[in-house]
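The values are calculated or read from the model by the stated rules, or taken from the named source; none is laboratory data. Predicted model, so just to flag it, every value in this text is computed and none were measured. Every residue, glycine among them, receives a Cβ derived from its backbone with ideal geometry; neighbour counts consider all protein chains shown. For accessibility, only protein heavy atoms count, side chains too; no ligands or nucleic acids. Shrake-Rupley method; radii C 1.70, N 1.55, O 1.52, S 1.80 Å.
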Amino acid sequence: MKNKQTTFQFLMEGDHEIIVFGVLKRLGIRPFCDQYQDLVSEGRLSFVEAYDRYPGDCNDEESRLNFIYQGVYWHILDILRRERRQNSHLDVETSEDVDVIATNDEEIESRVVLEGILAQLDDRECQMVSGLYNGQSMTAIASELHVSRKTLYQWRKRIIKKIDWGNTFAS
């Protein structure tokens with residue numbers, strides 16, 4: 001096991017801390033999220049743990065940083081899964097309309113990203129994005145929301161500007 005102080009110095013030197021922020025961005029956790037600072041702290045701690053566990057040559061920094069990135073990613077993802085499980089148990093007790101819990105990593109990641117997007121949108125935009133996420137056509141969504149398809153396309157443009165992801169929804 002390496003000296004923790006040396007490990008923390010490695011984390012803070014250069015741009016190594018960007019690994020933690022990159023993982024949070026990949027998982028759709030943005031600074032406006034309530035638990036953002038807690039997850040940054042967890043990411044830093046898991047960075048140190050992954051640094052200590054690295055089995056390879058210490059001179060191969062690219063390989064070590066890739067190993068650390070994966071360690072931080074899986075640690076944060078485990079935290080999000082655990083929290084989701086705990087919240088779903090609370091929902092079961094208080095509501096009969098419970099969402100099916102995601103069973104694979106890709107579905108969990110996409111739900112985390114979707115929740116991050118929905119946090120930035122108003123109610124009608126949320127309904128539109130949820131419909132698209134669930135595979136509905138623009139025509140079906142327009143009918144359900146009692147608006148024209150043209151209105152939905154205007155909302156889509158506004159959503160793209162809000163989340164600043166370029167052509168993610170444009171197709």
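Does the stretch 23-42 contain any residue that is part of a helix (DSSP H, G or I), open to solvent by less than 40 Å² (accessible area, probe 1.4 Å), within 22 Å of I108 (Cβ to Cβ) and among the small types (G, A, S)? Checked the stretch 23-42: no residue is part of a helix (DSSP H, G or I), open to solvent by less than 40 Å² (accessible area, probe 1.4 Å), within 22 Å of I108 (Cβ to Cβ) and among the small types (G, A, S).
Residue pairs whose Cβ atoms lie under 7 Å apart, sitting 6 or more positions apart in sequence or on different chains, and linking a residue in the stretch 41-58 that is within 12 Å of I76 (Cβ to Cβ) to a partner that is open to solvent by 60 Å² or more (accessible area, probe 1.4 Å) and modelled with pLDDT of 85 or more, are A50/F67.
Being among the aliphatic types (A, V, I, L, M) and at pLDDT below 85 narrows it down to one of L90, L80, L45, so name that one.
L90
Of the residues making up the stretch 126-150, those that are small (G, A, S) and either at pLDDT 90 or above or over 15 Å from G116 (Cα atoms) (or both) are G131, G135, S137, A140, A142, S143, S148. Can Y153 be described as farther than 17 Å from L24 by Cα, among the aromatic types (F, W, Y) and either at pLDDT 80 or above or in a helix (DSSP H, G or I) (or both)? When the stated conditions are applied, Y153 passes them.
Taking the stretch 156-171 only, how many residues are at pLDDT 85 or above and either in contact with a helix residue (DSSP H, G or I) (Cβ under 7 Å, 6 or more places away or on another chain) or open to solvent by 90 Å² or more (accessible area, probe 1.4 Å) (or both)?
Kept after step one, since they are at pLDDT 85 or above, are these residues of the stretch 156-171: 156-158.
From what's left, either in contact with a helix residue (DSSP H, G or I) (Cβ under 7 Å, 6 or more places away or on another chain) or open to solvent by 90 Å² or more (accessible area, probe 1.4 Å) (or both): 157-158.
Qualifying residue count for the region: 2.
Note on the stretch 1-22: among residues that are in a helix (DSSP H, G or I) and within 25 Å of V112 (Cβ to Cβ), the one that is most open to solvent (accessible area, probe 1.4 Å) is I18. Quick one: in the stretch 114-128, which of the residues that are buried (at least 17 other Cβ atoms within 10 Å of the Cβ) and touching a residue at least 40 places away in the same chain (Cβ under 8 Å) is nearest to I79 (Cα to Cα)? So the residue we want is G116.
Here is a check on your reading of the model: is D123 under 25 Å from E83 (Cα atoms) and modelled with pLDDT under 80? Taking the combined requirement at face value, the residue does not satisfy it.
Hey, could you check the stretch 50-59 for residues that are crowded, with 16+ Cβ neighbours inside 10 Å and of a type outside the set (G, A, S) and say which is nearest to the chain's Cα centre (by Cα)?
It comes out as Y51.
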